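Peer 1: The structure is given below, and queries will be raised subsequently.
Read the figures in this text as sums done on the coordinates, not as results from a lab. Predicted, not measured: the structure shown is a model, and the values here were computed from it. For neighbour counting, all protein chains shown are included, and Cβ atoms are generated from backbone atoms with ideal geometry for every residue, glycine included.
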Amino acid sequence: MGELSTLVTDFLLGALTLLLGVILLTRPGVPARLWGWAFVASAFAAFVGGVWHGFHQVLADTVQFWMWKAVMILSGLFAILAVIGSVRASCPTRVGYAVLAVLFAGAVAYGFAIVGHDDFRYVLLFSALAMVLLVAIHAAALRRRDAASPWILAGVAISVLGAAAYATGFSPFGWLNGSDVFHIIQMAAMYLMFRGALAFGVTPRRA
């Protein structure tokens, strides 16, 4: 077997994220359900990534290739759906169009990038764009005392810590690598963003 600890932490992250996503899909309102589908996409990215990390030594090259592409596509889908959900929940209409235009341009660039590359840093870069957009949306909404925004902003902040752990290979214990630490930190981030998505609709969106 390959990276057992990464398989385990990926599956833990996937299980939590899938559970939270299913809960959001039962909530009323389009924004919460968009975030729910975003969570489902992220959960399956974690599951597929876990299998890849755990068994890549025995998987055929073609299977490895398409599994990793699936991880990158599903991770990108999470970012896209999350931003669209927040736009629907918290953005004035004109600002929302501008945010979606930036997101669309970034998604196109991301799509072209992952066609010829499999470096996970492309996922982190596109996720960083999504996080910047989420911060812009919810920092503005926070001024209107939007109930969802403190949770989502906290989740974004924790996600940044996770990305830093991955990028630097930070590992406080010898049996955990940077990817494992990223997964553990990301579990906390997903819960915080879930709490934010649960609060959508509590504060009316400004037209």
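Peer 1: About the Cα centre of the chain, what is the dipole size in debye to 20, counting +1 per Lys and Arg Cβ and -1 per Asp and Glu Cβ, all else neutral?
Peer 2: 1180 debye
Peer 1: With a cut-off of at most 11 other beta carbons within 10 Å, and DSSP calling the residue loop, which chymotrypsin sites (Phe, Trp or Tyr not before Pro) in region 72-176 qualify? Please list them.
Peer 2: Of the chymotrypsin sites (Phe, Trp or Tyr not before Pro), the ones in loops of region 72-176 whose Cβ has at most 11 other Cβ atoms within 10 Å are Phe173, Trp175.
Peer 1: Could you compute Rg(Cα) / (2.2 N^0.38 Å) for region 4-198, with N its residue count?
Peer 2: With N residues counted in region 4-198, Rg over 2.2 N^0.38 Å equals 1.00.
Peer 1: Taking a ≥ b ≥ c as the square roots of the eigenvalues of the Cα gyration tensor of region 114-175, is the shape rounded (a/c under 1.5), prolate (a/b larger than b/c) or oblate?
Peer 2: Oblate shape, in that a/c is at least 1.5 and b/c is the bigger or equal ratio.
Peer 1: Taking the Cβ of Arg27 as the centre, find all other residues whose Cβ is under 15 Å away and add up their charges (Lys, Arg: +1; Asp, Glu: -1).
Peer 2: Computed value for this residue: +3.
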